[in-house]
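Nothing in this text is a laboratory measurement; each read-out follows from the coordinates by a stated rule. In this text the structure is predicted, and so the values were computed from the model without any measurement. Don't worry about glycine lacking a Cβ; one is built from the backbone with ideal geometry, like all the others, and counts go over all protein chains shown.
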Amino acid sequence: MKVTVLLFAAHRELVGQANTVAALPEGATVETLLSELKSRGGGWARLPARAAVAVNHKYAGGDTMLADGDEVALIPPVAGG
Amino acid sequence: MKVTVLLFAAHRELVGQANTVAALPEGATVETLLSELKSRGGGWARLPARAAVAVNHKYAGGDTMLADGDEVALIPPVAGG
Amino acid sequence: MTWSDVTTGPIDPAAVLKRVGEPRDGAAALFVGMVRNSNEGRPVDGMEYEGYRDMARDQLAAIAAEAAQQAGSDRVAVVHRLGELAVGEVSVAIAVSSPHRAEAFRAARYVIEEIKKRLPIWKRERYLDGEQAWLEGHLPVTGVKDNR
Amino acid sequence: MTWSDVTTGPIDPAAVLKRVGEPRDGAAALFVGMVRNSNEGRPVDGMEYEGYRDMARDQLAAIAAEAAQQAGSDRVAVVHRLGELAVGEVSVAIAVSSPHRAEAFRAARYVIEEIKKRLPIWKRERYLDGEQAWLEGHLPVTGVKDNR
């Protein structure tokens, strides 16, 4: 299955991309995705360990199951207002 | 000496006047004035016992000394806002 | 400089908000009081605000100055209306701006609470059934002991 | 009905205030956030707000609904801006009206605090000296345990 990954702000600048597509095995979770991204090396490997993740616009834990077509966003510490 | 007395809202309606002048002896205090007003009878005698008084736009206690020309207001419980 | 007024004309809350806000401010809080269409379940048609206008002006200026001191910001604006108001009309508007939001909220709240405690203003509700009554108020918190 | 939006256009706080207020309401509270001209003593020239816009819209709608439930009033309106803002420009405006003032103040405060905790928005300050930096934010309070 494939999921779309979105990056923002400092994450986006570190990786040099605003989005990517990741191919994952069936049964993959958010954790699976994060390992796949880290394994890409470069800026991906240097993404901060503490970051939140949203799946289809909702904050989601590491054990959240992913499905084909999901939109997964890495959410740096937020600073709205 | 003479002081001007102002009445508002329910007080004004009870007495049937918005203002009056009171002639007081030298050395008179707010208490002296209130006794003089009460002695007029009618609505004056029925003014509520619990009311605040302002002398020249400032809240003042019963022992406040009055001077000729002072503006003294009886202040019913307030309800601004 | 703080700004305060007691007026018989309509209040425009946006104009009050515009009186505050400087480049150093990151937050502004505006409070608006309106005449509502019922009180304790009784349908209300309008409200008459009577005031001791000269004293109310002095008191409101003092309240604004106190709020400014608490907030550490002199951007405080407040206006209270007198006269006959229909349901939905604005009786009071309070704006405060400051570098940070906590102070702006606190100062705006302070101003409305003090208005209710000590501003020499009284209101008479007119009910839909044609009756009217002075609202029971608060004995002003004056800092002086009871007079009688 | 609550109202919420995430926009790249200028925010008019008065228009946000106009979205609330019904005849049953005696109080309205408006909060406005602006870009200020310094941060921790450093002169600021402007601010860039980047957002995950679709998610921010969903989150803002959820926050408004929570505030409405707390206040017992569905008169809650909130808008957050994205893009390049100059000093003094409005980044967020929140309006709440309710029969009584305590609820209006509390709900407006709730909305801005929740925005800061969980709205997926980031800001980069531009300083007068030409440098710029992403502001350190808050790890979102998400109701889910740490991911890593």
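Among A:68, D:12, rank each residue by its count of other Cβ atoms within 10 Å, from fewest to most, as a rough exposure measure. Kindly include the intermediate steps, with their values, before the conclusion.
Values: A:68 10, D:12 13.
Ranked by crowding around the Cβ, least crowded first: A:68, D:12.
If you restrict to DSSP beta bridges whose two residues both lie in chain C, what percentage is antiparallel, to the nearest 5? Please list the in-between numbers first.
Numbers: 29 of 34 bridges.
Among the beta bridges of chain C, antiparallel pairing accounts for roughly 85 percent.
A Gaussian network model of chain D, with springs between Cα atoms under 10 Å, assigns the largest mean-square fluctuation among D:130, D:21, D:46 to D:130. Distance between Cα centroids, region C:37-55 to region D:8-76: provide it in whole Å. Centre-to-centre distance over Cα atoms comes out at 31 Å.
If you count the DSSP beta bridges with both ends in region B:2-75, what percent of them are antiparallel, to the nearest 5? Let's see the in-between values first.
Working: 12 of 15 bridges.
Counting only bridges with both partners in region B:2-75, antiparallel ones make up about 80 percent.
Of the residues C:74, C:58, C:129, the one that moves most in a GNM of chain C with alpha-carbon contacts below 10 Å is C:129. Between copies, the label points of residue A:16, set 7 Å from Cα on the Cα→Cβ line, lie 9.5 nm apart, reported in increasing order to one decimal in nanometres.
The dipole here belongs to the protein assembly as shown: it is taken about the Cα centre, uses +1 on the Cβ of Lys and Arg and -1 on the Cβ of Asp and Glu, and is about 380 debye.
Take residue D:127, move 7 Å from Cα toward the beta carbon, and the resulting point lies 6.6 nm from the same point in each other copy, nearest first.
In this assembly of identical copies, the label point of residue D:102 (Cα plus 7 Å along Cα-to-Cβ) is separated from its counterparts by 2.2 nm, sorted shortest first. Under the simplified labelling scheme, the residue C:136-residue D:100 pair shows an inter-label distance of 1.5 nm, with each label point 7 Å from Cα along Cα→Cβ. Highest mobility in the GNM of chain D, judged by mean-square fluctuation with C-alpha springs under 10 Å and restricted to D:35, D:79, D:92, is found for D:35. Summing charges over all other residues whose Cβ lies under 12 Å from the Cβ of residue C:108, with Lys and Arg as +1 and Asp and Glu as -1, gives +3. Computed from label points 7 Å out along Cα-Cβ, the spacing between residue C:12 and residue B:63 is 5.1 nm.
Based on the Cβ-Cβ distance from residue A:18 to residue D:22, what FRET efficiency comes out when R0 is 45 Å, to the nearest 0.05? Display every interim value, and only then the final one.
On the way: r = 43 Å, r/R0 = 0.95.
With a Förster radius of 45 Å, E is 0.60.
At R0 = 41 Å, how high is the FRET efficiency between residue D:127 and residue A:1 if r is their beta carbon distance? Nearest 0.05 is fine.
On the way: r = 44 Å, r/R0 = 1.08.
FRET efficiency, residue D:127 to residue A:1: 0.40.
Among the trypsin sites (Lys or Arg not before Pro) in chain B, those placed in a DSSP loop whose Cβ has at most 15 other Cβ atoms within 10 Å are B:40, B:50.
Averaged over the residues of D:111-124, the number of partner chain Cβ atoms lying within 10 Å of the residue Cβ comes to 5.
Using the crude model of +1 on Lys and Arg Cβ and -1 on Asp and Glu Cβ, and no other charge, please compute the dipole size for chain C relative to its Cα centre, in debye to 20.
Numbers: 20 positive and 22 negative charges, 81 e Å.
Rounded to the nearest 20 debye, it is 380 debye.
Counting only Cα atoms, the size of the protein assembly as shown along its three principal axes is 98, 52, 33 Å, in decreasing order. Look at the Cα gyration tensor of region D:49-92: its axes a ≥ b ≥ c give a/c of at least 1.5 with a/b at or below b/c, and that counts as oblate. Each listed q (0.14, 0.27 Å⁻¹) maps to a log10 I(q)/I(0) for region B:20-81, found by the Debye formula over equal Cα scatterers with no solvent: -0.39, -1.34. The fewest-to-most ranking of B:78, A:53 by surrounding Cβ atoms within 10 Å reads A:53, B:78. Normalised by residue number, the volume inside the convex hull of the Cα atoms of chain D is 119 Å³ per residue.
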